[in-house]
1. Which number in (1) more than 12 Å from chain A (Cβ to nearest Cβ); (2) modelled with pLDDT under 85 marks the one condition that B:PHE55 misses?
2. One residue is enough: does the stretch A:230-253 have a residue meeting the conditions closer than 30 Å to B:LYS255 by Cβ, crowded, with 20+ Cβ neighbours inside 10 Å and acidic (Asp, Glu)?
3. Which ranges mark the helices (runs of 4 or more DSSP H) fully within the stretch B:170-231 that have 1 or more residues being buried (at least 19 other Cβ atoms within 10 Å of the Cβ) and away from chain A (no Cβ under 14 Å)?
4. How many residues does the stretch B:130-145 contain that are farther than 26 Å from B:VAL236 by Cβ and over 19 Å from the mean Cα position of the chain (by Cα)?
5. Mind checking which residues of the stretch B:132-169 are more than 11 Å from every other protein chain (Cβ to nearest Cβ) and either touching a strand residue (DSSP E or B) at 6+ places or on another chain (Cβ under 6 Å) or among the aromatic types (Phe, Trp, Tyr) (or both)?
6. Which of the residues belonging to the stretch A:241-298 are among the β-branched types (Val, Ile, Thr) and over 25 Å from A:LEU209 (Cβ atoms)?
7. Tell me, which helices (runs of 4 or more DSSP H) lie completely within the stretch A:118-233 with 2 or more residues that are among the small types (Gly, Ala, Ser) and either within 14 Å of another protein chain (Cβ to nearest Cβ) or without any contact (Cβ under 8 Å) to a residue 40 or more places away in the chain (or both)?
Amino acid sequence: MSDALPPAPSPEGEAHNPSLSRRGLLAAGVVGATAAYGLSAGGAAARSLSPALRRALAAGTVSFGSNASDPVPKKAYENVFKAFTKKTGISVNVNTVDHNTFQEQINSYLQGRPQDVFTWFAGYRMQFFAQKGLLSPIDDVWTTLKPQFASAFQNASKGADGKYYFVPIYAYPWAVHYRKSVFKQNGYTIPKTWAQFIALCKKMKADGLTPIAFTDKDGWPAMGTFDIINMRINGYDFHVRLMAGKARWDGPQVRKVFNTWRQILPYTSSGALGLTWQEGAQQLLNKEAGMYMLGTFVGQQFTGADAKDLDFFAYPAINPKWGQDSIDAPIDGFCMARKGSNSKEAKELLRFLGSAAAENIYLASDPNNVGANKNANKSRYTATQKKSALLIAKSKHIAQYLDRDTRPDFASTVMIPALQQFLNNPNDVNGLVKSIQKQKVAIFGS
Amino acid sequence: MATDIAPSAEVAGAHRTGRAVRLSARDKLALALMVGVPLVVVGGLIWFPTFASIFLSFTNWDGIGGITTAQWIGTENYNQVATIYPPFWPAVKHNLIWLAFLTLVATPFGLFLAYQLDKELRGSRFYQSVFFLPVVLSFAIIGFIVQLMYSPTQGLVNGLLGTNTDWLGDPSINLWAVLVLVGWRHAGYIMILYLAGLKAIDPSLREAARVDGAGEWHAFRTVIFPALRPINIVIVVVTVIEALRAFDIVYIVNKGRNGLELLSILVTNNIIGEASRIGYGSAIAVILIVVSIVPIIVFVWNSFQESEQA
């Protein structure tokens, strides 16, 4: 490689070389890149018009951000929007994102250019973003909706400041699922207390079944068991305070939860940390396992005659003081993004989505959930849906599930590894709760 | 153009006599663009985020509401990461095991394959393709393959061995199960790099070694390996980088939990996603930067020192 610089161009050299010289190519490239950047910047500039101007331009449409990427819920939403457009003439632009990805990107989504309305969850997970000023309060939408929802659903839709930020569409309870044929064949009865539950597990084990299917490769399913045992032993109020960071994790109450949980671990699926929830459902389906504590979405894995054979019961009582008064029943619904257009079309869409009519259309295509609206048409419910609705209705307290009731950073960076650590090493409860408490103080600040 | 080349050749032939070559305005512009544009890109996309990460690691920013909401908290993040964050030390351990495995097992195996294939035995073309094929696969695909192969009930490995081991769910063995396939891919990559280097070795060197009666291993150790010095530097850097940026395969297998924690996973868990602990994740990222830079600096310094002495 010589040290020489490239030879300076001579005028006659350029003139004698009509085809594209190196310099010409470079110049053309720079011009082209600048033009492309200019166009895209111009496009971006057009998209970053003031909300008022955007509203004027978009009158008659509303945009909808959806995490319903699975085919069943996606189709159900399509039907709902068709009905909305037919009724009001406003068209809906749906942007569907993969379910998990949507949640993971929510921070940058809400601060960037979100759609007007988007699917979200009730609970602290919604209040957190309301507090940060990323959701628009929708008290005016709720003036017509209020009489149509039970107080539990109303409270779940409010932010910490008491304003409404959320419109619910459906909920699904977590319960212990089983196959009626297996129970009938072996003469099992539904356990109502913890002692009966353990006795049933022993019986199932003797009969060659895995008594309780259990999977935690995804990290979140174990939270369901923690939640319910905590509410059974310590009551709903303690559970709420624990989730809000107002109670200690290394106190006697939480220790009791883990020690009680340890009693049923010998009866759960082996290799749980390598199994996904779908594989757990398969164990129940194939009659390898007797029971499975999961949300009613487990029904998605059961078809035909198997679906009719699937049933569930509420988790057994542990502390007679609380009985079976609480359940986890996560509520899904919609919020309005503050950085969206906040147009009256968006509010109309929210009003429609909260109505019984929208719920009926949705549930007709996705029958694994229960409508939140009091006036939802229950006559079309399957037996499972009716039972779910009854379970939710007669529960005094409804929790939203650990990863929706507490701070998202606490749930994902602390609780998921902590619960997996418990499953790997159930005897070291002392070390576990101390570690969780330290991390909780670091995250919550106290 | 011939008239142009002569004067510049003259300049090149004569060692820098201090007579600077005049650049025209267009030359200056071309140079400015050719150097400036990549500089801006590298500066903006690599160096700026690096320094921003280092700065953010001393704050508790949660990514919402603009950088002005960040509060300076000094070394608090590092303190928490080192003392109360359970996945951190296992992640460091796993990164070091990954590095050791690649350095001591996968890379030497790649070198061995390259040496054998360099002998141009029968079918060496075929073997080259076979060994290089996994390099073509992205780690995400290899992650899927890992899940299929190691499935407890339906996997190939348990089927062949007749066992029931939970390869991926058992935290004491899943790292090794994954490393086997990582080594499979890495060896192919190293093999191709070394093969190129081996082909560039002067055949007279090998002749001389053979004539002197050196055994194969002796000849390799004393003649061929030192001659591969420039390639060795590249290989070491590549191995260290691959070990420390490992991410996709464990993320696909189980999102990097339960025995498969890595520093890169911890960074993404805290920064990307709902958790959004930007300051905390930046602290882990800075630790990863330091861990990455140290071995490279040490090795490159040694190499340049040796080449200066040589």
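1. (2)
2. no
3. On the way: elements: B:174-199, B:203-211, B:216-219.
The qualifying helices (runs of 4 or more DSSP H) are B:174-199.
4. 2
5. Scanning the stretch B:132-169 gives B:PHE132, B:PHE139, B:PHE144.
6. Of everything in the stretch A:241-298, those that are among the β-branched types (Val, Ile, Thr) and over 25 Å from A:LEU209 (Cβ atoms) turn out to be A:VAL254, A:VAL257.
7. Correct list: A:194-206.
To keep it simple, each residue is scored yes or no on (1) over 13 Å from B:LEU56 (Cβ atoms); (2) part of a helix (DSSP H, G or I).
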{"residue": "B:GLU261", "(1), (2)": "yes, no"}
{"residue": "B:ILE265", "(1), (2)": "yes, yes"}
{"residue": "B:TYR280", "(1), (2)": "no, yes"}
{"residue": "B:ALA285", "(1), (2)": "no, yes"}
{"residue": "B:VAL298", "(1), (2)": "yes, yes"}
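The values are calculated or read from the model by the stated rules, or taken from the named source; none is laboratory data. Everything numeric here is computed off the predicted structure, so don't read it as measured data. As a convention, Cβ positions derive from the backbone with ideal geometry for all residues, glycine included, and neighbour counts pool all protein chains shown.
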